[in-house]
Amino acid sequence: MHRLKPSLQFRKSITYTYVTLARHFSTHQTRFDHVGPMASLLKSRSVVRFRGPDTVKFLQGLLTNDVQRFCESPGEMTSALVTPNVPFISDSPMYALMLTPQGRFLYDLFLYRPARASEQLDRTGSGPGSDPGGRLELLADVDATVLDELLERFNKYRLRADVVIENVAEEFSCWQRYGENLTEKFSSAEEPEAASIGWGGAVDPAGTSSSHGNSHGWQWFKDPRLDSLGFRGIFPSNTTPPLVEADKETDEKNYLLWRLEKGVAEGSTEILKGEAVPLEYNLAGLNAISFDKGCYVGQELIARTHHRGVIRKRLLPLKFLDDSGKEIEQKVAPGSEVINAVSGKKAGTVATALGCRGLGLIRLEEALKGLSKLTIQGQEDVKVEAIRPEWWPTEWFQEYQQDTASA
């Protein structure tokens, strides 16, 4: 089926207001204010399947999050939807990282556990389905640009573990559904409108039609990183997900802009593979790291940095302006150096950029100075404004203030 991809028109006039958290950061209204739900097919992501008796044990020793949760009994983190279209037991997805032995970032993964047949009602809706084997499998939403090397690395660690690792990118696709206030009113992990399918609720024709003919009950879940990012899901490639209308499907670049304004990097290009320190990229705050699980590859640096509590650089949303304060488009490239225009010292590096927005790994000492004037090295006509994400915990500022006070 050919998908329509209309360009969404956003308001050009954007109002900026400033708050004084020690007079340092700006907050702002974004070009996505008052824009309703949108959905994007994430062509930058692929899907890998792990299956076999040793799946959880294998991943538990490699990834930063506690994969053991997928073996636990259903609890508060699961949904309970009585419907033949989605499982009545449904684990929330998990965000996790794979690191080098030195604790540097390699890959990020969104892990999903497809429901077993016994955890869904059968086609008649009168009881659970048949599940002779009860085999556990996990699907991973991964960066498509590093798919081959990711598979090679996982297979290198597999050794004698009874786990099969498969590239299923042709079978499945990754999607994101996002927009203003999409998740604020809902507390459940699954897509709220999809939760209305089935007994006791209004029937959602889009959800019903999208799920027919598959055995897993594909559904939307809240993004495990931040509620404000919206909903994420893996769906069969030959179907359009529920609740995605033709006039609401839009280019993946709009999802990138949505993330840039939230200060969230994704994938091995934006989070520099082999070099990035996960805590500097705020990945602990995005629920990618468990500090309570056992050992995993690269844990030592993560634990030491976390317990030391001093992080001098962090990933921040950036806005690019001209001398008059107007936004300027397409003038800054990833990798550009951000400097203090007064002292000439390097303040950080642009990690990614699109239009007048970007993400940069910036020294907090520079970003927190109210009088700092940041610009791009070699492009002194481009001014850089660092923006405080609303989701940042206050402890991150306290850490910096305590550090500078002791200095």
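Sparse packing (at most 14 other Cβ atoms within 10 Å of the Cβ) combined with a DSSP loop state is found for the following trypsin sites (Lys or Arg not before Pro) in region 273-349: R312, K326, K345.
Can you tell me which of 378-384, 106-112 comes out highest on packing, and rank the rest after it, using the mean Cβ neighbours within 10 Å? Don't skip to the end; give the middle numbers.
Numbers: 378-384: 16.1, 106-112: 24.7.
Packing proxy ranking, top to bottom: 106-112, 378-384.
Restricting to DSSP loop positions (anything but H, G, I, E, B) with no more than 15 other Cβ atoms inside 10 Å of their own Cβ, which GluC sites (Glu not before Pro) remain in region 278-341? It would help to have the intermediate numbers written out before the result.
Values: sites: E280, E300, E327, E329, E337; in loops: E280, E329.
Those that pass, being in a loop and sparsely packed, are E329.
Only residues of region 34-69 count here: report those whose backbone N is under 13 Å from the spot 7 Å along Cα→Cβ of R153, or say none. Those under the cut-off are 62-64.
Phi angles of region 306-314 translate, via the Karplus equation with coefficients 6.51, -1.76, 1.60 and θ = phi - 60°, into HN-Hα couplings of 5, 6, 5, x, 10, 10, 8, 10, 9 Hz per residue; Gly and Pro are given as x.
In plain terms, the chain from Q68 to A303 could stretch by 82.7 nm, reckoned as 0.36 nm per residue minus the Cα-Cα distance. Taking label points 7 Å from Cα along the Cα-to-Cβ direction, K345 and D227 give a separation of 3.9 nm. With both labels modelled 7 Å from their Cα along Cα-to-Cβ, the E327 to E170 distance reads 4.1 nm.
Remark: for residue pairs K222/K248; K253/K345; K262/K331; K222/K331, the C-alpha separation exceeds 27 Å in K253/K345; K222/K331.
Sorting check: for 149-155, 261-267, which peptide has the highest mean count of neighbouring beta carbons within 10 Å, and how do the rest follow?
Going by the mean number of other Cβ atoms within 10 Å, highest first, we get 261-267, 149-155.
Multiply the residue separation of A246 and V310 by 0.36 nm, subtract the distance between their alpha-carbon atoms, and state the gained length in nm to one decimal.
Numbers: separation 64, 0.36 × 64 = 23.04 nm, distance 4.71 nm.
The A246-V310 span can extend by a further 18.3 nm.
None of the figures in this text is laboratory data; all of them are computed from the coordinates on show. Just so it is clear, the structure is predicted and the values come from calculations on it, not from any experiment. Reconstructed Cβ throughout: ideal geometry from the backbone, glycine too, with neighbour counts over all protein chains shown.
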